[in-house]
Structures are given as structure tokens and as C-alpha cells.
Amino acid sequence: MCGIVGAVAQRFVSPILLEGLKRLEYRGYDSAGIAVVGAHTTIERVRVQGKVAGLEREMLTTPLDGTLGIAHTRWATHGEPSTRNAHPHVARDRVALVHNGIIENHAKLRADLTAAGYEFHSDTDTEVAVNQIHVFLDAGKDLLSAVQATAKMLEGAFAFGVISKDEPERLIASRCGGPLVIGLGIGENFIASDVFALLPVTQRFIFLEDGDTAEITRHKVTIYDADGQVVTRPESISNLSADAVEKAGYRHFMLKEIFTQARAVAETLEGRIVNGRLAHDLLGPQAASMLAAVREVNIVACGTSFHAGTVAKYWLEDLAGIPCTVEVASEFRYRNPVVRPNTLFVTISQSGETADTLAALREARSRGFAHALAICNVPESSLTRESELVLMTRAGPEIGVASTKAFTTQLVALMLLTIALGRRHGMSEATELELVAALESLPGKINAVLELNDGIAALAEHFVNKQHALYLGRGTMFPIAMEGALKLKEISYIHAEAYPAGELKHGPLALVDDEMPVIAVAPRNDLLEKLKSNLEEVRARGGQLYIFADSQATVSTHPAIHVTSLPAVHEAIAPVVYTVPLQLLAYHVAVLKGADVDQPRNLAKSVTVE
């Protein structure tokens, strides 16, 4: 969601802030702004509606020279996208604030502040916070105390960066739910929503915990917990390089991430397979007894991660013989689930900061789930820090909003989990060896599919003028069809739905005509013949079929049937392999339509608010 960057240094900080905003663009946003405490101890600010490039152009005519500053990319919640609603927000030319999150009690606070004589210049919930801080400053508090006092009044989730002209060498950061990290430099220090923003200036980071407020100067960082006590948070060294978030010659980040999936999968497997079998310490030395006691699995996730969890349900029940439920996090957290004994609670999130998934984990702990496992791509995230067990996906930075390599590595991690549970619940050694061999073949299979890129690009031309699309799959291919439909709608803005192929006659068949492309995934498995029958129903009604099929599946051809042959793969890993052509199809359709592939409208990479 919204992106925050802040800096206090001896040099002018605007170039650092601007570069940080560029590196946060992947999060999704509709406006941007920067504020600094200038040479004359005044707050100077530039804001624009639209992209960071527009902010950079504006700063050519309105330079911001200061050694203390904050910057922001806004994803609109309260108030439409506009310059007046863009951050930073300023109260009476004295204090400026940037904010990620939602202040739920903003309406009451706004009424109280209005009655006290404060004017509001935006429609945002954020402006109540900066005005309330000003109230406390006027009452004689220093900036740190004013921010701490304001934070106690707020309901919701937020992260703040705050500066004041009265204290031109001090930056205050506060975290309650929203992600916030401190970057440590030499004679300068920084804050940001994530480490990517600060990689050009540091690889040393401190991750704030919920309730923390930090006082940051050039030479010192002091952190206070929710009770106002000074605390020490560990320092981490990031192994990411600044160029890890560059396009590396690809036209878009999404294309780069699609084409680096084989490497990401290989890295996710590295060290976890020994002599053709799963490593016994996959989840750490204490995990063996926990896994042996598991009798049920409850998976909670959002969006693409939910689709990965749905695939895992098939695997866990079929291969490991363990009952599994899969739920959308935003639904789980607001219902009253029945918790069965010895249930493993699994959360899946690329960023580890997804608000609903984090809230579901906290709810699960309070309800007495036996153990909690996080499958995540960011080792320093809130989700990994708050989970008992962690299985990292090792996909590396994923910048494109539409998830690709994070999804396929989540599937790999979930298969590893399936084997780890299965070997303790009756899975034979022969089955484990077969599954592990299939996993080891994945990088080669993915690269073989990527060689089909040119043909899929040509196929995409059939979709440019379409308004709707229908995706079909059976078994584990149904959630892959869901993921394919999600990708198409996310980046090309074509309405797409996915159904189990057997449900065609229960409604979706009414939509089929020669203007409704139907995309099917058809690996060679026990359901293939039934899927073929479903596809014949589509063809008989004039539908245009686009089938991604196993090269040995003998799917009939016809002028209205477009078949793309994929390499033969083991049934267990087919969901990973068949995801790749659907990603490529969505990508090429979006490019042909002229859409913003990496930053699709209205969407954010990391959904850190409800």
C-alpha cells in the first residue's frame, strides 16, 4: 500500500527520498510527495497527483534543500486521488507527517479538532493525526512525546514518519500495525516501509515492532515500546543488493520475474533435499515432534496465496492423508471457527505484512491452534517474526504487483510441507522419492515452458478486443485456473472467471459464445478424459477454446480449438508448470492493450490495511 521514506543526514536528503519513492512504486499508489525542513527552518513541501516521475519534474522548478525530510506514495483510502489529499500533510506550517494505514476513529477526532479551531485541507484520515500532534506541541510537549501521545488516541493500523521545524535534526517514526523499518547509515539514518527503498544507502536495518516509537537523529536511534520504555531491537544485515530490484534488461519487472522462476524454484529447494529425500530438519530441529502430532491443517491466505493454499489442500489430503481447510484471511478473522485438537495453522504471504493474514494469525493464537507455520518470502517480516515455524520461499524481491515467482515458490514450499507431514503419517518411502524427484525436475520443466513464449505472445493477440474470459480446470488445476483468471483481470483489465470444468452445466455454459474465449489447463491425469468431455460442450456451443495441454494428452484440434503443448510432467508438479503459460498469456495481453503491467490501476503489492 502506501510507501514511506524518511531521512536525517548531513547532506541534502531529497535525492535519497526520491530514489526511495521510486523503489516503492511497486506497492501501488496514486500520488506522491516530499517535505523537508529547509535551510530557514521552515517546512517546504511538493506534492503531485500521479507518478513519482511527475514529482521529480516538479522538483526541478521547486527544489527542496534540507537535511531532514519525509516522503510518501499514497494509495487512496479516505479521499479521492488528488494533490490536496497527497502526503505529507502539514499542520500550521509547524509539523509534517506521512502515514500508511487507516485511522478508524478519524471522524470523531476530526470533529473534536474542528471544534478546537483546526482547519482541514484534505479529505484524508491522516490529517487528524498531524493536527493532533500539533495540539500536543502547542501544549508544551516535544515532538517525540507528542507523537507518542497521539498514537495512544488512535484506533486502527498505522505507521508514521514525522518531522517538525522546531526540531530540525530529529525524525520520529511510529508503528502500530503498518510495516516500518529503520535503516542505519554512517552519520545518517533512515526510515522506510521496506528495505528495498533504502538499499542504495544501507544494508543495515532495524525492524520496529507493534507499538514502537523511534527517535532518530544522524548519530543515534532510540526505540521506545508501547509503554514508553527504552528497548533494544536487533539489527539485521540484508543480503539483497541494490540491483536486485532492477529490471536487468527486461521490459517489465513482471516479465523478469516470470523468466527467473526456474532459479527461484531451485533456490527454494536448495539444501532441503538430501540424497533424493527431504531433509529431516526442513522446519528446524524442534519441528519433528510437532509435525508428528498434527492431525489437521488449516491454511489461511489472501489473493494469489489463497490459490496456492487451495492447491495444497488437494496435496495434503491425497498424498499425506491429512484433512485440510483453506480460508480467505479476511473471512477467517471475523468468524467463529471450530478449533480441532492438533491442528497446524498455516499462513501464506509473499510480503509477510498482509494485514488480514497477520490478524488471522493473531486470532488463531488466541483460539488455541496447536502450532503456527508461516510460508513467506520476506525473512524479516512481521509474519515470520510472529510465527512458531517458518518456511521461506526464497523467491527474492518481487516488484510486479501481479505475483508470479512468489506463487510458484509458494507451491514448492507447500509440496515440501506435504512431504514433511506425509512421511510422518504413512507416506511410503517410494512415494517420497517420486515426489522429490519431480520437484528436482521443476527448474528444467519451467525453462521448457518459457521457450513457448513467442507462441503464447502470438496467442495473446486473440484476446486484445475481448471483454470477458472463462478459465477451466479440474482437481489441482481448478485453483490454477483461478490464478490464471486473476492474472488476466489484474493486469489487462479483462473480466475473467474460473470454474471447475465439471460445473459448466451448472451455469457458466450460458455465457459461452464465439466472443467468450475459454482457457483450459489439461495435464495428463485421471481427470483428463472428463475434461475433454467438458471442452466438447464448449465447442458444440461455438466457444473458442485455448487449451494448454500435456504433449501426450492427444487433445483434438479444430479451427476453434487452439492447443499449446506443454512438456510431460509428473502430476504432482503440474500446478507449478501449468501456471507459467497462464502468466505469460496475461502478460502479453496486457502489453498489447497498453496497460501498466507492473503497477495495474487501483492495486497495491502489499495490502497492509483492511
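The values are calculated or read from the model by the stated rules, or taken from the named source; none is laboratory data. Computed from a predicted structure; not experimentally measured. Neighbour counts are summed over all protein chains in view; Cβ atoms, including those assigned to glycine, are modelled from backbone coordinates with ideal geometry. These area figures cover heavy atoms from the full protein model, side chains too; ligands, DNA and RNA do not enter into them. Shrake-Rupley method; radii C 1.70, N 1.55, O 1.52, S 1.80 Å.
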Inset, instruction - For region 392-408 and region 261-289, write down the distance between their C-alpha centroids in whole Å. - result: 18 Å
Inset, instruction - Measure up K51/K220; K247/K405; K51/K466; K256/K313; K51/K141; K445/K466 against 26 Å on the Cα-Cα distance and list the ones that go over. - result: K51/K220; K51/K466; K256/K313; K51/K141; K445/K466
Inset, instruction - Among the aspartates and glutamates, select those whose C-alpha is under 17 Å from the C-alpha of K165, and discard any that sit fewer than 8 residues away in the same chain. - result: E44, D65, D93, D138, D142, E215
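Percent antiparallel among DSSP beta bridges with both residues in region 297-359, to the nearest 5?
0 percent
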Inset, instruction - Would you calculate, for the chain, the mean residue ellipticity at 222 nm contributed by helices, counting each DSSP H stretch of 4 or more residues as -39,500 (n - 2.57) and dividing by all residues, to the nearest 500? - result: -10500 deg cm²/dmol
Inset, instruction - Could you rank the peptides 356-362, 482-488, 59-65, 594-600 by their average count of other C-beta atoms within 10 Å per residue, with the highest value first? - result: 482-488, 356-362, 594-600, 59-65
Inset, instruction - First check a/c for region 238-356, with a ≥ b ≥ c the square roots of the eigenvalues of its C-alpha gyration tensor; if it is under 1.5, answer rounded, and if not, answer prolate when a/b is larger than b/c or oblate otherwise. - result: oblate
Legend entry - Sequence of Y29, Y250 from largest to smallest accessible area, 1.4 Å probe: Y250, Y29
Legend entry - Accessible area in the full protein assembly, largest first, 1.4 Å probe, for C376, C176: C176, C376
Inset, instruction - Please get the size of the charge dipole for region 134-239, origin at its Cα centre, with Cβ charges of +1 on Lys and Arg and -1 on Asp and Glu, quoted in debye to the nearest 20. - result: 220 debye
Inset, instruction - Return a whole-number percent for the relative contact order of the chain, with Cα pairs under 8 Å and 6 or more residues apart as the contact set. - result: 12 percent
Inset, instruction - Can you pull the one-decimal nm distance between simple spin-label points at E497 and T61, each 7 Å off the Cα toward Cβ? - result: 4.9 nm
Inset, instruction - Relative to the longest principal axis of the C-alpha atoms of the chain, give the angle of the C-alpha long axis of helix 528-539, reported between 0 and 90° and rounded to the nearest 10°. - result: 80 degrees
Legend entry - Zone of D281's modelled label, taken as backbone nitrogen in region 354-396 under 18 Å from a point 7 Å along Cα→Cβ: 389-392
Inset, instruction - Consider a paramagnetic label point 7 Å from the Cα of V274 along Cα→Cβ; state which residues of region 369-398 have an amide N under 12 Å from it. - result: none
Inset, instruction - Using only the Cα atoms of the chain, construct the convex hull and provide its projected area averaged over every direction, in square nanometres to one decimal. - result: 27.9 nm²
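Give me the one-decimal Kirkwood hydrodynamic radius in Å for region 1-96, with the sum taken over alpha-carbon pairs.
Details: mean 1/r = 0.0769 Å⁻¹.
One over the average 1/r among Cα pairs gives 13.0 Å for region 1-96.
If you take the square roots of the eigenvalues of the alpha-carbon gyration tensor of region 182-226 and sort them as a ≥ b ≥ c, do you get rounded (a/c under 1.5), prolate (a/b over b/c) or oblate?
Details: a/c = 2.84, a/b = 1.34, b/c = 2.11.
Since a/c reaches 1.5 but b/c is at least a/b, the shape of region 182-226 is classed as oblate.
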Inset, instruction - Take every DSSP beta bridge with both residues inside the chain and express the antiparallel ones as a percent of the total, to the nearest 5. - result: 60 percent
Legend entry - Rounded to the nearest 20 debye, dipole of the chain from Cβ charges on Lys, Arg, Asp, Glu: 140 debye
Legend entry - Cα long-axis angle, helix 303-319 against the chain (0 to 90 degrees, to the nearest 10): 40 degrees
Legend entry - I4, I186, reordered so the largest accessible area comes first (probe 1.4 Å): I186, I4
Inset, instruction - Could you tell me what % of all Cα pairs in region 173-314 have separations over 24 Å? - result: 58 percent
Legend entry - Peptides ranked, highest mean first, by Cβ atoms within 10 Å: ranges 571-579, 165-173: 571-579, 165-173
